[in-house]
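What follows is a short report on a single structure.
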Ligand SMILES: C[S@@+](CC[C@H](N)C(=O)[O-])C[C@H]1O[C@@H](n2cnc3c(N)ncnc32)[C@H](O)[C@@H]1O
């Protein structure tokens, strides 16, 4: 039988040590401090076998979040499966800007398009308890994950299966946010790293990656209250295209927000109304 330290040493031949620690903690249901304090303990056979299986899958490229079954976003744990995009830290910027647009208003309505795990809609609902939050996705499997997350986290979000805004009839919102797919379909990164395991429909969208963004911008005006905001996350090299698309459609007060690396990753505008 191997010790905890021995199992970690063997695993680090195949995967990064930080990943190995996370996977072993998951198998043992243990915290980081416990693992360190029990380095010399022997690993029971069942735990060793479960750990070895996870190490093999990680070495094959499967993302840690799918192996653990969760990813932290905005300080909360969200369940994830291969049916949903793994929440990214950069998407917290979209949540922060969305919150600022709502302010102290108590009758505000928000819509998150392409909700995936629900991380954006659920975070907004929990941070803004006065807001009415709806969320849409075209994937029924993603919506099942999002609904489960909302229940587990105690968030009040109404989920709708919809091709972007197609199922929203005449409904209007004060704020529409979206982190849509925005990778160009020929981008070589799609066949590298974690992206290989994520749903293609959550990542890629057209030759220049802007098909979904074009559609959302074109349709949002019919679903925004006068003075309402549309906020979109996009790729690091799409800021100019977003500014042009928003302006050409009639959005005003266009804003572009930089991430911690100084790159514009969220663009938005206000719909002036009739
Ligand atoms: C980049 S993921 C974002 C997921 C989540 N909001 C996040 O930030 O982690 C894009 C999401 O858009 C959804 N999507 C793709 N095409 C769609 C469409 N035509 N209508 C609605 N949702 C769509 C995908 O299923 C996916 O969940």
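Of 15, 176, 86, which is the most mobile in a GNM of the chain whose springs link Cα atoms less than 10 angstrom apart?
Result: 15 has the largest fluctuation of those listed.
Rounded to the nearest whole Å³, what is the per residue volume of the convex hull around the Cα atoms of the range 97-144?
On the way: hull volume 3.1 nm³, N = 48.
Per-residue hull volume (Cα only) is 65 Å³.
So how far apart, in nm, are the two label points at residue 236 and residue 5 if each is 7 Å from Cα heading toward Cβ?
Here the answer is 4.0 nm between the modelled labels.
How would 252, 157, 183 line up from fewest to most surrounding beta-carbon atoms within 10 angstrom? Before the final figure, lay out each step's value.
Values: 252 11, 157 23, 183 18.
By the 10 Å Cβ count, ascending: 252, 183, 157.
Pick out which of 225, 92, 49 has the largest mean-square fluctuation in a Gaussian network model of the chain, springs linking Cα atoms closer than 10 Å.
Of the options given, 49 has the highest mean-square fluctuation.
Give the value in nm², to one decimal: projected area of the alpha carbon convex hull of the range 195-262, averaged over all directions. Spell out each step's value before the answer.
Values: hull surface 23.2 nm².
Its Cα hull, projected and averaged over all orientations, spans 5.8 nm².
Please grab the % of Cα pairs in the range 79-227 that end up more than 17 Å from each other.
The answer is 60 percent, as a whole percent.
How big is the antiparallel share of DSSP beta bridges in the chain, given as a percent to the nearest 5?
Numbers: 15 of 35 bridges.
Of those bridges, close to 45 percent are antiparallel.
If you take the square roots of the eigenvalues of the alpha-carbon gyration tensor of the range 20-66 and sort them as a ≥ b ≥ c, do you get rounded (a/c under 1.5), prolate (a/b over b/c) or oblate? Could the numbers behind the result be given before it?
Working: a/c = 2.53, a/b = 1.54, b/c = 1.64.
Oblate, because a/c is 1.5 or more while a/b does not exceed b/c.
Could you list 222, 58, 76 so that the one with the fewest beta carbons within 10 Å of its beta carbon is first and the one with the most is last?
222, 76, 58
Measure off 7 Å from each Cα along the Cα-to-Cβ vector at residue 53 and residue 226, then give the distance between these two points in nanometres to one decimal.
6.1
Taking R0 as 25 Å, what FRET efficiency do you get between residue 158 and residue 72 from their Cβ-Cβ distance, rounded to the nearest 0.05? The partial results should precede the final answer.
Numbers: r = 25 Å, r/R0 = 0.99.
Calculated transfer efficiency: 0.50.
List, largest first, the extents of the alpha carbons of the range 1-116 along their principal axes, each in whole Å.
61, 29, 21
Would you mind ranking 21, 258 by Cβ crowding within 10 Å, fewest neighbours first? Each step should come with its number before you reach the end.
On the way: 21 18, 258 12.
With the sparsest Cβ surroundings first, the list reads 258, 21.
Using the alpha carbons of the chain, what is the convex hull volume per residue in cubic angstrom, as a whole number?
On the way: hull volume 36.8 nm³, N = 274.
Residue-normalised Cα hull volume stands at 134 Å³.
Which FRET efficiency value, to the nearest 0.05, is calculated for residue 191 and residue 107 with the Förster distance at 51 angstrom and r the Cβ-Cβ distance?
Working: r = 46 Å, r/R0 = 0.91.
With a Förster radius of 51 Å, E is 0.65.
For the pair residue 34/residue 261, report the inter-label distance in nm, with labels modelled 7 Å from Cα in the Cβ direction.
3.6
Values quoted throughout were computed directly from the atomic coordinates according to the rules given, and no laboratory measurement underlies them. Everything quoted here is computed from the prediction, not taken from an experiment. Cβ: placed from backbone, ideal geometry, glycine included. Neighbour counts: every protein chain shown.
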